[in-house]
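Asks: Have a look at this one.
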Amino acid sequence: MIAEDLSDYLYARSTGHFASLMSLINRGCLRAIRSGHERLDEDLMNQVKNDVAAEESRKELKAAIEAGLLTSRPAPAPRRPRKSA
């Protein structure tokens, strides 16, 4: 769920800093368990506070992701030409 659904969102929220990411995921998991939600999604994660430095940089990263200039997902592997027999 994190890799497929939330990778860009979490990258923007944590500004690419591992400690901020782990803190955010940990707090999100605790909120999901306590609320009975039991799944991390953007609505739940928007209720979770993160460190000040990450939140200040979040707007720039979010804008770049939405504009398609930046992503946390790997680029697809290039296709190799087929060998003729």
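The values are calculated or read from the model by the stated rules, or taken from the named source; none is laboratory data. Everything numeric in this text was worked out from a predicted model, so none of it was measured. Reconstructed Cβ throughout: ideal geometry from the backbone, glycine too, with neighbour counts over all protein chains shown. Remember, those area values only see protein heavy atoms, side chains included, never the ligands or the DNA or RNA. Shrake-Rupley method; radii C 1.70, N 1.55, O 1.52, S 1.80 Å.
Asks: Looking only at region 6-18, filter to residues that are open to solvent by 20 Å² or more (accessible area, probe 1.4 Å) and part of a helix (DSSP H, G or I); which one of those is farthest from residue 66 (Cα to Cα)?
Replies: 18
Asks: Take the residues in region 37-69 that are closer than 18 Å to residue 27 by Cβ and among the hydrophobic types (A, V, I, L, M, F, W, C); name whichever of them is most open to solvent (accessible area, probe 1.4 Å).
Replies: Result: 52.
Asks: Quick check: anything in region 19-30 touching a residue at least 24 places away in the same chain (Cβ under 8 Å), in contact with a helix residue (DSSP H, G or I) (Cβ under 7 Å, 6 or more places away or on another chain) and open to solvent by less than 90 Å² (accessible area, probe 1.4 Å)?
Replies: Looking through region 19-30, at least one residue is touching a residue at least 24 places away in the same chain (Cβ under 8 Å), in contact with a helix residue (DSSP H, G or I) (Cβ under 7 Å, 6 or more places away or on another chain) and open to solvent by less than 90 Å² (accessible area, probe 1.4 Å).
Asks: Condition first: touching a helix residue (DSSP H, G or I) at 6+ places or on another chain (Cβ under 8 Å), over 15 Å from residue 2 (Cβ atoms) and not charged (D, E, K, R). Now tell me which residues in region 38-49 satisfy that.
Replies: 47
Asks: Counting only residues that are assigned to a loop (DSSP other than H, G, I, E, B) and modelled with pLDDT under 75, which one in region 35-80 is farthest from the chain's Cα centre (by Cα)?
Replies: 77
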